[in-house]
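Trainee: Below you'll find the structure I mean.
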Amino acid sequence: MKLIFLGPPGAGKGTQAKRIEQVHNLVQLSTGDMLRAAIASGSDVGKQAKEVMDGGNLVSDDIVVGIVAERLKDDDLENGFILDGFPRTVGQAKSLDKMLSDRSEALDAVVSIDVDDELLVERITGRYTCAKCGKGYHDMFERPETEGVCDRCGSTAFSRRADDNAETVRERLKAYHAETAPLLPYYAEKGILKTIDGMTEIEQVTGQIDEVLNGIN
């Protein structure tokens, strides 16, 4: 089964991909992980990516597509994969289509996790983590059992990402709507877009995705 998970920042794509990969014996492929692995491997495309990043620049579409193409050749993807963070643009989507077509393969479904922008701002700006063990918390949705004390390790030190503020989140959402949201009609025309209500609890979102995937099998 070959899947793409789409959704704006904070929609829960990574969380859901991790849950689904275990149940359906798939492999989650995040752009960041693939990029780091390619650089660590010393492959030609990894070296190109490292050179660009060392120069403080953004990795081009060609390099990202090359890294994905390299990863899709690996034997551990025999049962399928979940692409998380790729494609980001229609151009990348067309490159992926060709990549799969050359292998006589095709996507089974594109799962779009739909969440209201204002809820996303609330979700992301409320996140914080234990500075010692990294356990995640949220101002509204997941507070420590004892206020100010980590449930896992007992530390009293917490931290927040500098870019988890309302202004930055709104800019990231604006970029998503401009660059990535056009993928929705692109995949809808192909008849493989499945829209999930991401405003519900995590378990309910997983249940909706399971229903979609069980319909494919």
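The values are calculated or read from the model by the stated rules, or taken from the named source; none is laboratory data. Since this is a predicted model, take the numbers as computed values, not measurements. Quick reminder, even Gly has a Cβ in these numbers, built from the backbone with ideal geometry, and neighbours come from all protein chains shown.
Trainee: Residue check, Asp163 against (1) within 23 Å of Lys18 (Cβ to Cβ); (2) in a loop (DSSP other than H, G, I, E, B); (3) touching a helix residue (DSSP H, G or I) at 6+ places or on another chain (Cβ under 6 Å), all met but one. Which one?
Mentor: Result: Asp163 passes all but (3).
Trainee: While we're here: Looking at the stretch 167-184, can you tell me whether even one residue there is among the aromatic types (Phe, Trp, Tyr), outside any helix (DSSP H, G or I) and either surrounded by 13 or more Cβ atoms within 10 Å (Cβ to Cβ) or modelled with pLDDT under 90 (or both)?
Mentor: No, the stretch 167-184 contains no residue that is among the aromatic types (Phe, Trp, Tyr), outside any helix (DSSP H, G or I) and either surrounded by 13 or more Cβ atoms within 10 Å (Cβ to Cβ) or modelled with pLDDT under 90 (or both).
Trainee: Among the candidates Leu77, Leu58, single out the residue that is surrounded by 14 or more Cβ atoms within 10 Å (Cβ to Cβ) and either over 13 Å from the mean Cα position of the chain (by Cα) or not aromatic (Phe, Trp, Tyr) (or both).
Mentor: Leu77
Trainee: Follow-up. Which pairs have Cβ atoms under 7 Å, sit 6 or more apart or on different chains, and link a residue in the stretch 63-90 that is in contact (Cβ under 8 Å) with a residue 40 or more places away in the chain and assigned to a strand (DSSP E or B) to one that is crowded, with 17+ Cβ neighbours inside 10 Å and among the hydroxyl-bearing types (Ser, Thr, Tyr)?
Mentor: Asp84/Ser30
Trainee: Could you please find all residues in the stretch 191-201 being of a type outside the set (Ser, Thr, Tyr) and touching a residue at least 60 places away in the same chain (Cβ under 8 Å)?
Mentor: Those that are of a type outside the set (Ser, Thr, Tyr) and touching a residue at least 60 places away in the same chain (Cβ under 8 Å): Ile192, Leu193, Lys194, Ile196, Asp197, Gly198, Met199.
Trainee: So, one more: Residues of the stretch 38-62 being closer than 29 Å to Arg123 by Cβ and modelled with pLDDT of 90 or more, which ones?
Mentor: Answer for the stretch 38-62, where residues must be closer than 29 Å to Arg123 by Cβ and modelled with pLDDT of 90 or more: there is none.
Trainee: Okay, moving on. Search the stretch 93-139 for residues being of a type in the set (S, T, N, Q) and not in a helix (DSSP H, G or I), and hand back the single one that is nearest to Asp210 (Cα to Cα).
Mentor: Taking the candidates together, the pick is Ser112.
Trainee: Within the stretch 197-217, restricting attention to residues that are hydrophobic (A, V, I, L, M, F, W, C) and either modelled with pLDDT of 95 or more or assigned to a helix (DSSP H, G or I) (or both), which residue is surrounded by the most Cβ atoms within 10 Å (Cβ to Cβ)?
Mentor: Out of the qualifying residues, it is Ile209.
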